[in-house]
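> Below you will find the structure I want to go over with you.
The values are calculated or read from the model by the stated rules, or taken from the named source; none is laboratory data. Note that the coordinates shown come from a computational prediction; the quantities given were computed from them, not determined experimentally. Neighbour counts are summed over all protein chains in view; Cβ atoms, including those assigned to glycine, are modelled from backbone coordinates with ideal geometry. To get the accessible areas, we keep the full protein, side chains included, count just its heavy atoms, and leave off ligands, DNA and RNA. Shrake-Rupley method; radii C 1.70, N 1.55, O 1.52, S 1.80 Å.
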Amino acid sequence: MKKNTKNNILIALSYSVILIVGMFLGIKFIKDQGFGVKKSPQLAQNSDEKLNEILHIINGNYVDDINTDSLQNLPIDSVLHQLDPHSVYLPPTDVQDMTDNLEGNFEGVGIEYYMLNDTMMVTGVVKDGPAYQAGIKLGDKILSIDTAVVSGRNLPKDQLTGRFKGKSGTGVSVVLLHPGASQSNRIMVTRGKVNISSIDAAYMINNETGYVRISKFGASTDNDFAAAANNLKAKGMKKLILDLRDNGGGYFTAATGLADQFLGENKLIVYTQGKHEPRTDYFSTGTGAFQNGKLAVLINENTASASEIVAGAIQDLGRGIIVGRRSFGKGLVQEQFAFGDGSALNLTIARYYTPSGRSIQKSYKKGYDAYKHELDERMMDGELTGDHTSFQDSIEKTEGVIQHHRKIKPIGGIQPDVFVKLDTTGYNKFYTNLVNKKVLSDYVFNVLTNKYNASFVEQNINIFTINDNDFKDFIGFLQRKNITIDRFQLYNSKNVILNDLKALLCRYYLGDVGYYKAANQTDNAVRQALLNLQ
């Protein structure tokens, strides 16, 4: 998936803090676990035995015909490379991480932190989690965890991540310094379950339009959405913007469950079929939380898999409009086969099809060949003309096509009804360098949090801006950090920088919902959705 999009840069910037919510750093693009988990027999620690078991599983379950005899003497990774790119072998630690992330609960303390000036600074506390109950607050500086001094030592990330991790009921001793305090104090935090909603943000964007952001499809996504939708309806929501940009997927059943929230009874959401899997249809129940009211779904090139199931159903059934750029194009369903040693095989067992019978799976080809393949198909259908010899030109031409799916030959992904061009204004090399070095976050935590307090931000989030005086201070901050300034690129990125600083400041005080409230004020896809919902 392409990483150089505006939204990706903003999200990467926003999450430059190290997440310790349950002490797990999430995997961005989760594969579908469409039909649950099957347990294989306990296997000996013998790679040949495991390979034979994997070949047996492939023979009996893979979506297409495959000659496993030719794979007998290959290592496991090489065997899977002969299949599709979404069939993968996972070591035990990755299996557990993926499961924890999608299940939405973790064992830990429930904080997130940022290493500011070599000091561990608390930038988020999960409400009612163990850290919250123990009295850890936003802005606290953590000096030591148990016997390990973690601030002032410039420790690498791998020596920090996991310090809070442990089984529920076990304790962790923390020495911290509250903002404004002259002396540190030691507190004991009892680890426990930390429950995280799979809804990143839900708020009223105007008097009658709600906004809901979902970045993954976890076990409780449909229930989390229903709760958020009911809360927004109580505030007057009649229209909804559902933001699925950069959502790489998750549980198949969570996708059908979310689509069900928008549809009347007995509507076909999606169907699946594979060599060993007969056609299975998934219908709506008519019990959803937002069956009526105008709906816009935001997608982009990183919207994949389970997200495309939802977008495809909404589009095919005429339930709402799709706004943004063509989605990734993953129309395959995986099932997880778990081995006795904790590892697992995620194997593609079926393809899924939208209600109109579309398979949105793109070609397995890589790189230039994949784009050339798509361009050739589009040119045959009369969408494009000319000889596209430049790779970048090919990408731009592909992104620039605005056609409805019913009028063109399927070439992978969901085509938006309202195309929103990728806006890269201000996203230059100098700005990217600031993001990569976390300079914007440093400025927010070092300077802006001392100039703007939580009360001001919350009361004025829709009207205040990071102003020219702040920008002058920011330039001075760059100089103090001995960063070589490219004046042309700096001023070219000025608006982007100011918007990002505001979004990061709002996230610090108000959490993810604050970030999106701020970022969406200048987001063209959100603006287009609002216009088309009128």
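> Can you work out which of the residues in region 260-280 that are of a type in the set (D, E) and within 15 Å of L317 (Cα to Cα) is least open to solvent (accessible area, probe 1.4 Å)?
Step by step, filter region 260-280, then rank; the result is D260.
> May I pose another question? With K517, K502, K472 as the choices, which residue is exposed (fewer than 15 other Cβ atoms within 10 Å of the Cβ) and part of a helix (DSSP H, G or I)?
K472
> Follow-up. Name the one entry in A229, A219, A181, A202 that is modelled with pLDDT of 95 or more, open to solvent by 20 Å² or more (accessible area, probe 1.4 Å) and small (G, A, S).
Every option except A202 fails the conditions.
> Going through V457, V435, V496, V447 one at a time, which residue ends up being in contact with a Phe, Trp or Tyr (Cβ under 7 Å, 6 or more places away or on another chain) and within 21 Å of L116 (Cα to Cα)?
From the options V457, V435, V496, V447, the qualifying one is V447.
> Now, a different point. Run down S359, S327, S284 and say which single residue is in contact with a strand residue (DSSP E or B) (Cβ under 7 Å, 6 or more places away or on another chain) and surrounded by fewer than 21 Cβ atoms within 10 Å (Cβ to Cβ).
S359
> Something else: What number of residues within region 475-499 satisfy the criterion of being in a helix (DSSP H, G or I) and either more than 15 Å from L440 (Cβ to Cβ) or among the charged types (D, E, K, R) (or both)?
7
> Just to be sure I understand, how many residues within region 433-451 are buried (at least 16 other Cβ atoms within 10 Å of the Cβ) and in contact (Cβ under 8 Å) with a residue 60 or more places away in the chain?
Summing the residues that are buried (at least 16 other Cβ atoms within 10 Å of the Cβ) and in contact (Cβ under 8 Å) with a residue 60 or more places away in the chain in region 433-451 gives 9.
> Test V150 against the criterion of being closer than 22 Å to T170 by Cα, modelled with pLDDT of 90 or more and either of a type in the set (K, R) or in contact with a helix residue (DSSP H, G or I) (Cβ under 9 Å, 6 or more places away or on another chain) (or both), and give yes or no. Working first, answer last.
On the way: closer than 22 Å to T170 by Cα: yes; modelled with pLDDT of 90 or more: no; either of a type in the set (K, R) or in contact with a helix residue (DSSP H, G or I) (Cβ under 9 Å, 6 or more places away or on another chain) (or both): yes.
For V150, the condition - closer than 22 Å to T170 by Cα, modelled with pLDDT of 90 or more and either of a type in the set (K, R) or in contact with a helix residue (DSSP H, G or I) (Cβ under 9 Å, 6 or more places away or on another chain) (or both) - is not met.
> Is there any pair with a first residue in region 126-138 that is under 17 Å from V513 (Cβ atoms) and a second that is in a helix (DSSP H, G or I) whose Cβ atoms are under 7 Å apart and which are 6 or more apart or on different chains, and what are they?
Once the first residue is under 17 Å from V513 (Cβ atoms) and sits in region 126-138, its partners that are in a helix (DSSP H, G or I) give V126/Y132.
> Given (1) touching a Phe, Trp or Tyr at 6+ places or on another chain (Cβ under 7 Å); (2) farther than 24 Å from N101 by Cα, identify the lone condition not met by Y203.
In the conditions (1) touching a Phe, Trp or Tyr at 6+ places or on another chain (Cβ under 7 Å); (2) farther than 24 Å from N101 by Cα, Y203 misses (2) alone.
> Being not in a loop (DSSP other than H, G, I, E, B) and not hydrophobic (A, V, I, L, M, F, W, C) is the filter here; which residues of region 265-286 pass it?
Answer for region 265-286, where residues must be not in a loop (DSSP other than H, G, I, E, B) and not hydrophobic (A, V, I, L, M, F, W, C): Y271, T272, Q273, T280, D281, Y282.
> Just need a number here: residues in region 122-149 that are polar (S, T, N, Q) and open to solvent by less than 30 Å² (accessible area, probe 1.4 Å). Explain how you work it out, then say what you get.
Within region 122-149, the first condition is being polar (S, T, N, Q), and the residues that meet it are 123, 133, 144, 147.
The next check asks that each one be open to solvent by less than 30 Å² (accessible area, probe 1.4 Å); those that pass are 123, 144.
Of the residues in region 122-149, 2 are polar (S, T, N, Q) and open to solvent by less than 30 Å² (accessible area, probe 1.4 Å).
> Any residue in region 191-220 that's under 21 Å from I299 (Cα atoms): show its pairings with residues that are assigned to a loop (DSSP other than H, G, I, E, B) and of a type in the set (K, R) at Cβ separation under 7 Å, as long as the two are six or more apart or on different chains.
S198/K216; M204/K235
> Okay, moving on. Identify, from the list A228, A304, the residue that is outside any strand (DSSP E or B) and either farther than 30 Å from D64 by Cα or more than 22 Å from the chain's Cα centre (by Cα) (or both).
From the options A228, A304, the qualifying one is A228.
> For the structure I just gave you, tell me whether L90 is surrounded by fewer than 18 Cβ atoms within 10 Å (Cβ to Cβ), among the hydrophobic types (A, V, I, L, M, F, W, C) and either farther than 29 Å from K481 by Cβ or touching a residue at least 60 places away in the same chain (Cβ under 8 Å) (or both).
no
> Just to be sure, is D423 farther than 15 Å from Y509 by Cα and in contact with a Leu (Cβ under 8 Å, 6 or more places away or on another chain)?
When the stated conditions are applied, D423 does not pass them.
> Looking at G250, is it open to solvent by less than 10 Å² (accessible area, probe 1.4 Å) and either under 18 Å from the mean Cα position of the chain (by Cα) or in contact (Cβ under 8 Å) with a residue 40 or more places away in the chain (or both)? Let's see the steps before the verdict.
Numbers: open to solvent by less than 10 Å² (accessible area, probe 1.4 Å): yes; either under 18 Å from the mean Cα position of the chain (by Cα) or in contact (Cβ under 8 Å) with a residue 40 or more places away in the chain (or both): yes.
Yes; evaluated as a whole, the condition is true for this residue.
> If I filter region 455-476 for residues that are within 30 Å of Y353 (Cα to Cα), touching a residue at least 24 places away in the same chain (Cβ under 8 Å) and out of contact with any Cys (no Cβ under 6 Å at 6 or more places or on another chain), do I get at least one hit?
No, region 455-476 contains no residue that is within 30 Å of Y353 (Cα to Cα), touching a residue at least 24 places away in the same chain (Cβ under 8 Å) and out of contact with any Cys (no Cβ under 6 Å at 6 or more places or on another chain).
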